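Participant: Quick one: structure below, then a few questions.
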Amino acid sequence: MAREHLDPETAELWQEFHGTVNMSSEELRRWLLTDASGPDRFSADPSMDVSPIGRRIVEILDKRQVDLTGDDVDTMRQVVQRAGRLLAEPVDKHDERWRHELMTLGHDPLRPDPTSPEEGPGA
């Protein structure tokens, strides 16, 4: 059953989630499949190695706001919190382990921020 309107807290979380996740569902899907087929992770059934949270993020990205479930809201909250903690860490932006973990959450830290003035037109 779809809701007509979200409560303000969920609507704000939706915005935070989409501000944090800067990869499209297709980009994330490709990343997860590539990551799952890496030399250290490949198994007889590659779908078993795809990150469960990454899979949930792809599902949420393919939804409309009014179609969110309670599990979706919990996942969005978890993604925003985990990505926020990782982004707060003082690390080199080219640290592969750090970038890998963020990309599994749908955030590519090397992607320019479209709201950043130094990345905008004329920069």
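Just so it is clear, none of the values below were taken in a lab; they were calculated from the coordinates. The structure presented is a predicted model; accordingly, all values stated were derived computationally and were not measured.
Participant: Which length gain, in nm to one decimal place, applies between L6 and D108 when the Cα-Cα distance is subtracted from 0.36 nm times their residue separation? List each step's numbers first, then the result.
Facilitator: Numbers: separation 102, 0.36 × 102 = 36.72 nm, distance 2.79 nm.
So the chain would gain 33.9 nm between L6 and D108.
Participant: Any chance you could run the full-extension gain for W98 through V66? It's 0.36 nm times the residue separation minus the Cα-Cα distance, nm to one decimal. Let's see the in-between values first.
Facilitator: On the way: separation 32, 0.36 × 32 = 11.52 nm, distance 3.26 nm.
Answer, rounded to one decimal: 8.3 nm.
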